[in-house]
Amino acid sequence: MPAEASGGTALLDGSGLSFWWAIPFAGMLLSIAILPLLLPVLWAEHFGKIAVFWSLAFLGPCALLFGPGLALSALLHTIAMEYIPFIILLFSLYTISGGVRLTGNLSGKPTSNTAILLVGTFLASVMGTTGASMLLIRPLLRANMHRKHKVHTVIFFIFLVSNIGGSLSPLGDPPLFLGFLKGVDFFWTTEHLFSEMMFASSILLLLYYFLDTMMMKKEAPLGPAISRQRHVLRLEGGVNVLLLLGVIITVLLSGVWNPEMQLTVGTLSIALQDLMRDVVLLVLAGFSLLITASETRKLNNFSWEPIEEVAKLFFGIFVTMIPAISMLKAGSEGAFRNVIALVTKDGQPVNHMYFWLSGILSSFLDNAPTYVVFFNTAGGDASQLMHDAPLTLAAISCGAVFMGANSYIGNAPNFMVRSIAESQGVKMPSFFGYMAWSAGILIPLFLLMTFIFFMG
């Protein structure tokens, strides 16, 4: 029986699995990509059931071949240790940010749109890509409400605010936070990823400005009443900004505070700091619901549909991803052994392959465990990597963070931003449609970065 112990829980051992076990995950991704186009009504009404179907497509054979105990244990571990904390964090950020409303003269012109993207890009490293995305996507959508052409604005928002902007601190993105917990200095990423982040974001911001300027010329002229509007910027629900800060502090403390106490429920062992983090996040979200005026949320076009969609779809993604992550963690003993072998040549790290492989896998799998796999493949010693192989660590970090922008599921806020935009009437590209944008814009950028930063 291919199993490994983790905190008293039997988990799936990826060294004994073949690529066939990734079929349910591939089916889940293809469902997200194709069904909204081919069968939109079926998808809209039953996407949650489809997510459950693909989850059972993995759990059923797993229970049959390896025993129901292992299948149940793997499911409970994933739900309790990964999925529920993930959804609680998204729920708290979504709820709290939904109570923040920026009013005033948000014109939706290329200059102001670019300014919002610029602010969000740097804010992402302070409050995380998810926090910055949830805070700024609604003001950006409202600023462009009168515009016909705005899909490109949301796409560049995902590129910059939801991904690349989070590369300057461990607070920015989960992979970097895991690196911090493993011993990478807090400001190491600020120093060693600054050039890469500035290069990528500068090109994207310039490209966006020129693209938005061209799109603006296709817009109908504003009516006299709208063009004359001059309102002072004002923040409604400002207390929610403090609650967002509370979320950031709570997540940070859960990573550095370790009382070495566990809550054991059956075969699960949950660390006290993780349990306290989730409780505090729910309390902060509940407090936001209590104190924020309902009119503010109404004017924000706030609804529960986006978080409901994300919760249902990511249930299927997390469950079907279990064997794929297990195979990746198995390293040279797993089905991904040939992939892992590409990052080393004659005993030396191949940095550009670290960048691309950590990036490609992070585009579709959870970028946090992907980062850890390649971090360990490179030696797993934070001090040694920081001082003796900084380029290797930078390549792994940039790949995991930057290339999360390659698909809707590459990073948590991507899908959430898409859902919020669609809930407010923006017809976003399909799964493959979005990847056409990322392939046309991001892949050439990442190729250029490869030659400039990672070929040494």
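The values are calculated or read from the model by the stated rules, or taken from the named source; none is laboratory data. The structure displayed is predicted, hence computed values, not measured ones. Cβ placement follows ideal geometry from the backbone for every residue including glycine, while neighbour counts extend to all protein chains displayed. To get the accessible areas, we keep the full protein, side chains included, count just its heavy atoms, and leave off ligands, DNA and RNA. Shrake-Rupley method; radii C 1.70, N 1.55, O 1.52, S 1.80 Å.
Projecting the Cα positions of Asn367, Val283, Leu70 onto the charge dipole of the chain (unit charges on Cβ atoms of Lys, Arg, Asp and Glu, taken about the Cα centre) puts Val283 furthest along the positive direction.
Entry comment: accessible area of segment 98-174 is 25 Å² per residue, from protein heavy atoms only and a probe of 1.4 Å.
Counting only alpha carbon atoms, the long axis of helix 194-217 and the longest principal axis of the chain meet at about 40°. Amide H contacts under 5 Å for Gly410: none, restricted to partners 5 or more places along the chain or on a different chain, H placed in the peptide plane at 1.01 Å from N.
What net charge do the residues around Met215 carry, taking every other residue with its C-beta under 9 Å from that of Met215, with Lys and Arg at +1 and Asp and Glu at -1?
On the way: positive: Arg147, Lys148, Lys150, Lys217, Lys218; negative: Asp212, Glu219.
Summing Lys/Arg as +1 and Asp/Glu as -1 gives +3.
Ligands, DNA and RNA left out, the 1.4 Å accessible surface of segment 300-340 is 51% carbon and sulfur atoms. Quick one: 3J(HN,Hα) in Hz for segment 443-449, Karplus 6.51/-1.76/1.60 with θ = phi - 60°, rounded, Gly and Pro as x. Taking θ as phi minus 60°, the curve returns 4, x, 5, 5, 5, 5, 5 Hz for segment 443-449. Using θ = phi - 60° in the Karplus curve 6.51 cos²θ - 1.76 cosθ + 1.60, the 3J(HN,Hα) couplings for segment 344-360 round to 9, 9, 6, x, 10, x, 9, 5, 5, 6, 4, 4, 6, 6, 5, x, 4 Hz; x is entered for Gly and Pro.
Mind checking which lysines have their Cα closer than 18 Å to the Cα of Lys312? Skip sequence neighbours fewer than 8 apart in that chain. Qualifying lysines at Cα under 18 Å: Lys49.
Relative contact order for the chain using alpha-carbon pairs under 8 Å, separation at least 6, rounded to a whole percent?
Contact order relative to length: 24 percent.
Normalised per residue, the accessible area of segment 259-328 is 47 Å², obtained with a 1.4 Å probe and no contribution from ligands, DNA or RNA.
Simple point charges give the picture: +1 on the Cβ of Lys and Arg, -1 on the Cβ of Asp and Glu, and for the chain a dipole about the Cα centre of about 1840 debye. In segment 118-192, Cα pairs under 8 Å separated by at least six residues give a relative contact order of 37 percent. Would you mind pulling out the separation of the Cα centroids of segment 435-453 and segment 243-287, in Å? Going from one Cα centre to the other spans 37 Å. Over segment 1-160, Cα pairs under 8 Å with separation of 6+ residues give a relative contact order of 18 percent. Calculate what fraction, in whole %, of the accessible area of segment 408-451 sits on carbon and sulfur atoms when a 1.4 Å probe is rolled over the protein chains. In segment 408-451, the share of accessible area belonging to carbon and sulfur is 69 percent. Whole-Hz Karplus values for segment 178-185 come out as 5, x, 4, 5, 8, x, 6, 4 Hz, taken residue by residue from phi with 6.51 cos²θ - 1.76 cosθ + 1.60 and θ = phi - 60°; glycine and proline positions read x. The H on the amide N of Met321, modeled in the peptide plane, is under 5 Å from the matching H of no residue at least 5 residues off or on a different chain. For the residue pairs Lys298/Lys427; Lys148/Lys217; Lys109/Lys427, the alpha carbons lie more than 18 Å apart in Lys298/Lys427; Lys109/Lys427. The fraction of accessible area contributed by carbon and sulfur in segment 34-152 is 78 percent, rounded to a whole number (1.4 Å probe; ligands and nucleic acids excluded).
Positive end of the dipole of the chain (Cβ unit charges, origin at the Cα centre): among Ile325, Ser133, Asn351, the Cα lying farthest that way belongs to Ser133.
Within the full protein context, the accessible area of Phe336 is estimated at about 30 Å² for a probe radius of 1.4 Å.
Remark on Ala271: its backbone amide H falls under 5 Å from those of Leu263, a criterion applied only to residues 5 or more positions apart or on other chains, H modelled at 1.01 Å from N.
Given a 1.4 Å probe, how much area per residue of segment 26-76 is accessible, in Å²? Write out the running numbers ahead of the final one.
Working: 2610 Å² over 51 residues.
For segment 26-76, the solvent-accessible area averages 51 Å² per residue.
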